[in-house]
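Accompanying notes for the structure given below.
The values are calculated or read from the model by the stated rules, or taken from the named source; none is laboratory data. No experiment lies behind these values; they were computed from the predicted model shown. In this analysis, Cβ positions are derived from the backbone assuming ideal geometry, glycine residues included, and neighbour counts consider all displayed protein chains.
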Amino acid sequence: MKIKNSFWQEINGFSVGTNNHLMLNNIDLVDVAKLSDRPLYIFNELAIRENIRSYRNSLDLYYPKPSAIFYASKAFLNLAMGSLLRQEGIGIDVCSEGELFIAQKAKIPGEHIMMHGNNKSEKELKLAVNSNIKRIIVDNVAELILLEKICSELKQKCNILLRINPNIHVETHKSMETASKESKFGFYEDLNNIPEYLREACASHYIDFKGIHFHIGSNIHNTDNYGKAIESIVDYIVFLQKNHIKVEELNIGGGLGISHHEKEESLNINSFLKIICEKIIAECKKKNIGLPNLMLEPGRSIVGQTGCTLYKIGSIKKGPKGLLYAAINGGMSDNLRPSLYQAKHTAVIANKMKGDEKTYSYKIVGKCCETGDVLIDSIDLPLCSADDTLVVFSTGAYNHSLANNYNKHTLPGIIFVRDGQYEWVSKEQALDDLTRYDLIPPHLGDNL
């Protein structure tokens, strides 16, 4: 069988060099892989910027009221990414003290930061209030009461959105659904009492209610899911307005899916936003309410396809019925998604891109001590040899974010690639880091 995998050709920036090596923005990825004996996360910086600008331009084109983008930092965040967001002039959505710390370290101004979370601690809320961030997304009644108490004690005003669960089933992995009635996120059971809650919270004049937030899930490819959620939320805005609660803003979250392999189709950003904006405009007109200012929280669709991971092939062996195992120098410690979400990926051998090689069926497995450490269950590749460079595509979202030290593997480094240039933006984790925070009590230290 000849090579049929052309998925990489659909991704911005990839090409084949004269030496039949895979290139990204004119950088030879086989050469880059030689920089380390560990996996490497590679990001196409130009494509990240292009995706951000596509969101911004499409919103300007299709939505007549003010709109704003807040990148979902849980998808991928480090100082370089935060600095890129600041340069591009968009906001960031954080959901922990750590993400807020990195956003501030990258000099993202408070008015460009929103905070999420279903169980924000008092410390996190105080930090957010003192940082004068743009919005805190309130998840539940207990948090609303605590936030009002904090703001009153600090004598500091705070602008909030309420996260509403629209009870929408979406076509994605069960663990990626965030708006079903079983979801841990948002107000659901007590929606009729929210006007009373808001009046009580706002009575001190330290809480300023701005609008509604919803988020239905992750890696979504069907806009019908968004359409149903928008219908439900617009109905709820009507209910609030009848109860004399003004809704100025609507935040529809993120969740737009990407293609991780050749059989997974996705909408482009422009097409997605055209459909979404038209639906919001139509529903508001139908219910005779004014258009709210619009916010979005894209993450995966900004960085997902811009990232790939470089691995080295190690051991190769035969299994039952002619199955071939190719083991890599990484696995579930740097890409947990296949084990966690049964995510599918595709790949190529970067040093064998001629295109006419005979192929063989391989199972790509990691080096962690787990049977479930399988990166790709079955893929046709040219005959693999030890030290070949395997490039796995669409790993920009939730790979670095979920990376771990299982089996005490060190975390990979991260490289940003521009046109003919690349820079390290996160160093590889050193072995000394594995014991940096360990302590040895006196009775265990005699022989060390």
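Within segment 253-280, residues that are over 16 Å from Glu10 (Cβ atoms) have Cβ atoms under 7 Å from residues that are of a type in the set (Asp, Glu) and at pLDDT 85 or above in these pairs: Gly253/Glu297; Gly254/Glu297, counting only partners at least 6 apart in sequence or on another chain.
Residues checked against (1) within 17 Å of the chain's Cα centre (by Cα); (2) at pLDDT 95 or above; (3) buried (at least 16 other Cβ atoms within 10 Å of the Cβ):
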| site | (1), (2), (3) |
| --- | --- |
| Phe14 | no, yes, yes |
| His21 | no, yes, yes |
| Leu35 | no, yes, no |
| Arg38 | no, yes, yes |
| Arg56 | no, yes, yes |
| Leu85 | yes, yes, yes |
| Ala103 | yes, yes, yes |
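Is there any pair with a first residue in segment 59-83 that is under 30 Å from Ser426 (Cα atoms) and a second that is assigned to a loop (DSSP other than H, G, I, E, B) and of a type in the set (Phe, Trp, Tyr) whose Cβ atoms are under 9 Å apart and which are 6 or more apart or on different chains, and what are they? What qualifies is Lys74/Tyr398; Ala75/Tyr398; Phe76/Tyr398. Of everything in segment 243-263 that is charged (D, E, K, R) and more than 21 Å from Leu273 (Cβ to Cβ), the residue that is modelled with the highest pLDDT is Lys246. When Lys318 is tested against (1) surrounded by fewer than 17 Cβ atoms within 10 Å (Cβ to Cβ); (2) assigned by TED's automatic domain parsing to the domain that holds Leu161, just one condition goes unmet, and that condition is (2).
Can you spot a residue in segment 82-91 that is over 26 Å from Asn270 (Cβ atoms), touching a strand residue (DSSP E or B) at 6+ places or on another chain (Cβ under 9 Å) and outside any helix (DSSP H, G or I)? No, segment 82-91 contains no residue that is over 26 Å from Asn270 (Cβ atoms), touching a strand residue (DSSP E or B) at 6+ places or on another chain (Cβ under 9 Å) and outside any helix (DSSP H, G or I). Look at (1) more than 24 Å from Leu146 (Cα to Cα); (2) in contact with an Asp or Glu (Cβ under 7 Å, 6 or more places away or on another chain) and you find that Asn219 fails only one, number (2).
Screening Ile289 on (1) in the same structural domain as Ser73 (by TED's automatic domain parsing); (2) crowded, with 18+ Cβ neighbours inside 10 Å shows it passes everything except condition (2).
Every test in (1) more than 20 Å from Leu381 (Cβ to Cβ); (2) at pLDDT 95 or above; (3) surrounded by 15 or more Cβ atoms within 10 Å (Cβ to Cβ) is passed by Arg337 save one, and that test is (2). Just so you know, in segment 320-364 the residues that are of a type in the set (Gly, Ala, Ser) and assigned to a loop (DSSP other than H, G, I, E, B) include one that is nearest to Lys34 (Cα to Cα), and it is Ala350.
What do you reckon, is Ile275 β-branched (Val, Ile, Thr) and either touching a Phe, Trp or Tyr at 6+ places or on another chain (Cβ under 6 Å) or assigned to a helix (DSSP H, G or I) (or both)? When the stated conditions are applied, Ile275 passes them. You will find that of Asp387, Asp377, the residue that is part of a strand (DSSP E or B) and among the acidic types (Asp, Glu) is Asp377 and no other.
When Lys352, Lys279, Lys312 are checked against the criterion of being surrounded by 16 or more Cβ atoms within 10 Å (Cβ to Cβ) and under 30 Å from Lys134 (Cα atoms), a single residue qualifies: Lys279. Residue check: Pro320 meets all listed conditions (1) over 25 Å from Lys210 (Cα atoms); (2) touching a residue at least 40 places away in the same chain (Cβ under 8 Å); (3) more than 15 Å from the chain's Cα centre (by Cα) but one, namely (2).
Report yes if some residue within segment 363-370 is buried (at least 23 other Cβ atoms within 10 Å of the Cβ), within 31 Å of the chain's Cα centre (by Cα), free of Cβ contacts under 8 Å to residues at least 40 places away in the same chain and within 28 Å of Ala47 (Cβ to Cβ); otherwise report no. Looking through segment 363-370, at least one residue is buried (at least 23 other Cβ atoms within 10 Å of the Cβ), within 31 Å of the chain's Cα centre (by Cα), free of Cβ contacts under 8 Å to residues at least 40 places away in the same chain and within 28 Å of Ala47 (Cβ to Cβ).
Pairing residues of segment 111-127 that are surrounded by 19 or more Cβ atoms within 10 Å (Cβ to Cβ) and in a loop (DSSP other than H, G, I, E, B) with residues that are among the hydroxyl-bearing types (Ser, Thr, Tyr) and at pLDDT 95 or above, at Cβ distances under 8 Å and at least 6 apart in sequence or on separate chains, gives Gly117/Ser96. In segment 398-418, the qualifying residues are those that are in contact with a Leu (Cβ under 8 Å, 6 or more places away or on another chain) and over 28 Å from Gly257 (Cβ atoms), and the one that is surrounded by the fewest Cβ atoms within 10 Å (Cβ to Cβ) is Lys408. The sole residue among Ser54, Ser15, Ser36 that is assigned to a helix (DSSP H, G or I) and among the small types (Gly, Ala, Ser) is Ser54.
Return yes when Ser6 is modelled with pLDDT under 95 and among the small types (Gly, Ala, Ser) and no when it is not.
For Ser6, the condition - modelled with pLDDT under 95 and among the small types (Gly, Ala, Ser) - is met.
For segment 207-222, the set of residues classified as in contact with a Gly (Cβ under 8 Å, 6 or more places away or on another chain) and surrounded by fewer than 21 Cβ atoms within 10 Å (Cβ to Cβ) consists of His221 only.
Might you check whether a residue that is part of a helix (DSSP H, G or I), more than 30 Å from His345 (Cα to Cα) and not acidic (Asp, Glu) occurs anywhere in segment 210-223? So far as segment 210-223 goes, no, none of its residues is part of a helix (DSSP H, G or I), more than 30 Å from His345 (Cα to Cα) and not acidic (Asp, Glu).
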